[in-house]
Amino acid sequence: MSRNQSQLPRPFVYAGMILLVLAMIPPAVIAYARATHSPLPRIQLQQDMGVQNRFDTQQANPMFRDGRAMRPRVSGTVARGHLREDEHYYDGIVGDDWADTIPIQIEVDRAFLERGRERYDIFCAICHGVAGFGDGMVHERAQELVESGRHGTVWVPPTSMHTREVREKPIGELFHVITHGARNMAGYASQIPVEDRWAIAAYVQAMQISQHADEEGDS
Amino acid sequence: MGRYHYVFPQWTNKLVVLLVLGMAVAPIYVVFVVAYGFSPDTTWVGYKPEQPVPFSHKLHVGQLGMDCRYCHTTVEHAAHAAVPPTQTCMNCHTQILPESDKLLPVWDSYETGEPIEWIKVHNSADYAYFDHSAHIQAGVSCVSCHGRVDRMEVVYQAESHSMAWCLECHRNPEPHLRAPDKVFDLGWTFEGSSQEKDDYHAYWRDANRIQPGQDCSVCHR
């Protein structure tokens, strides 16, 4: 026998080396998984009751043809207590004309106007601009896209709150526009609750007064 | 007169040493692989499903500065932060890039009324109760749990959302508490000395009387 008695036989050496290499695979996979993003579903080793036999908000339900677990209201129906009879409160209309006042059920104070400012900044400022001059970031972006002529962008600049025409609009009409939209603007009734829409309308009027303080003198 | 006599070859001495060494290392190795490999930091963080529409939060939030609440309207008053209906996309996109191929599924949904099947990125276990509005009212910013979504081209899970991770904040909520007007400002950080920073967070903890529960029944109801 040519091999030294004290040396490990080859098969043992090879087995050891293969084992070492194999042992490096899991840490490598772990390191890779930690360092990268993946569209593969999350791994949950212990399911327990993590996925229960129920439907969560906005989940899909194959039982219905449209796939929604949350059922849309049946069209043409009104839920109990949701008949919106008060035209002043829900549409900004009194009689045949725009309402000139904020509905009686709303308490107008500083907090109400602050709320209006906050909601305006969330929902309106992106187009109409923080100060209401129709120069929001979406407007800027749309202008760029119109200039580069990409994918059929057509853009009518958002209305400035500070033209004479808009300043003369009664608050009911502002509320109606926020609710139902006008021209290219979509209605925001589904995104903004009714009281917040009144707050925004009030804030818009406050903003109009602030921008024309010297003309009106009494502000 | 045969007497069977077996002598282990000399190399077995080495083998014994190697085996003992291996048996000592193996448990450490297994503990390491389980601790790191099975942790939600590995198995959950980084989940980035491909959505039916390549909507970019980086563009809409990061660049255009849209508020989270423009789309996720329910987050302040409901447990669930709603994924917006197609109408919300179309507030702008009937006019902006209406002919883009990327918007085809949106048009499809807009015209048929069928929902777009967005894939949920952050999904807590069904036995864990979570309420977005409670956390928003407490002054916990979106960024604490969802990371810098305003920098994500495609949204991915940035934090582990494991139970240990929840408890970490429920035990020491202060670093995550902010003034109400900073909650949706993902890029905001406190500027000032570390003492001022501590005072700031402590102030908002007191102001909102934040006492997060750590009992089982707080989340497992």
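The values are calculated or read from the model by the stated rules, or taken from the named source; none is laboratory data. Everything quoted here is computed from the prediction, not taken from an experiment. Because the Cβ atoms are built from the backbone with ideal geometry, glycine has one as well, and the counts that use them run over all protein chains shown. Protein only, heavy atoms only, side chains kept; ligands, DNA and RNA dropped before computing areas. Shrake-Rupley method; radii C 1.70, N 1.55, O 1.52, S 1.80 Å.
The label-point distance for B:Ser100 and A:Arg164, in a model that sets each label 7 Å from Cα toward Cβ, rounds to 4.0 nm.
Under a Cβ-Cβ cut-off of 11 Å, what is the net charge of the residues other than A:Gln105 that fall near it, where Lys and Arg count +1 and Asp and Glu count -1?
Numbers: positive: none; negative: A:Asp86, A:Glu107, A:Glu195.
So the environment of A:Gln105 carries a net charge of -3.
Just the protein heavy atoms count here, and of the accessible area of the protein assembly as shown at 1.4 Å, carbon and sulfur take up 57 percent. A P(r) calculated from all alpha carbon pairs of segment A:87-216, with 10 Å bins opening at zero, reads 13, 42, 33, 11, 2 percent.
If R₀ is 25 angstrom, what is the calculated FRET efficiency for the pair A:Leu19 and B:His122, using the beta carbon separation as r and rounding to 0.05?
Values: r = 39 Å, r/R0 = 1.58.
After rounding to 0.05, the efficiency reads 0.05.
Expressed as a rounded percentage, what relative contact order does segment A:87-216 have, with Cα pairs under 8 Å and six or more residues apart?
Working: 152 pairs, mean separation 41.9, N = 130.
Contact order relative to length: 32 percent.
Determine the shielding of peptide B:79-91 by partner chains: average, over its residues, the number of Cβ atoms on other chains within 10 angstrom of each Cβ.
Values: counts 2, 3, 2, 2, 2, 2, 3, 0, 4, 4, 0, 1, 11.
Other-chain Cβ atoms within 10 Å of each residue's Cβ, averaged: 3.
Inter-chain neighbour count for B:152-159: the average number of beta-carbon atoms from partner chains within 10 Å of each residue's beta-carbon is 1.
Count the net charge of all other residues whose Cβ sits under 12 Å from the Cβ of B:Pro85, scoring Lys and Arg as +1 and Asp and Glu as -1.
Neighbourhood net charge equals 0.
For segment A:35-148, what does the alpha-carbon gyration tensor say about shape, rounded, prolate or oblate, given a ≥ b ≥ c as the root eigenvalues, a/c under 1.5 as rounded, and a/b over b/c as prolate?
In terms of gyration-tensor shape, oblate.
Counting only C-alpha contacts under 8 Å and six or more residues apart, can you give the relative contact order of segment B:1-93 as a whole percent?
RCO, segment B:1-93: 9 percent.
Computed from Cα atoms, the angle from the helix A:110-123 axis to the main principal axis of chain A rounds to 60 degrees. Counting Cβ atoms of other protein chains within 10 Å of each residue's Cβ and taking the mean over peptide A:174-185 gives 1.
Take the Cα of B:Tyr36, go 7 Å toward its beta carbon, and the backbone nitrogen atoms of segment B:133-171 under 19 Å from that spot belong to B:160. What do you get for the angle between helix A:10-35 and the principal long axis of chain A? Use alpha-carbon atoms, 0 to 90 degrees, nearest ten. That works out to roughly 10 degrees.
Seen against the Cα atoms of chain A and their longest principal axis, helix A:171-180 is set at about 40 degrees.
Connecting C-alpha atoms closer than 10 Å in a GNM of chain B, tell me which of B:Asn172, B:Asn91, B:Asn208 has the biggest fluctuation. Fluctuation is largest for B:Asn91.
Could you tell me the calculated FRET efficiency between B:Asp198 and A:Ala131, based on Cβ-Cβ distance and R0 = 30 angstrom, to the nearest 0.05? Walk me through the numbers before you get to the answer.
On the way: r = 36 Å, r/R0 = 1.20.
About 0.25, to the nearest 0.05.
Rounded to 0.05, the FRET efficiency of the A:Met49 and A:Leu113 pair, given R0 = 56 Å and the Cβ-Cβ distance, is 0.70.
Contour minus end-to-end for A:Arg183 and A:Gln7, with contour as 0.36 nm per residue of separation and end-to-end as the Cα-Cα distance? Please report the intermediate quantities before stating the final value.
On the way: separation 176, 0.36 × 176 = 63.36 nm, distance 8.94 nm.
Gain on stretching A:Arg183 to A:Gln7: 54.4 nm.
Between B and A, buried accessible area from a 1.4 angstrom probe totals roughly 5000 Å², ignoring ligands, DNA and RNA. Among the DSSP helices (H) of chain B, those spanning at least 30 angstrom by Cα along their long axis with an average Kyte-Doolittle hydropathy of -1.0 or more are B:11-37; this is a geometric and hydropathy rule only. Working from Cα pairs under 8 Å separated by at least six residues, relative contact order for chain B is 24 percent. Modelled spin-label separation between B:Asp131 and B:His80, with each label point placed 7 Å from Cα along the Cα-to-Cβ direction: 1.7 nm.
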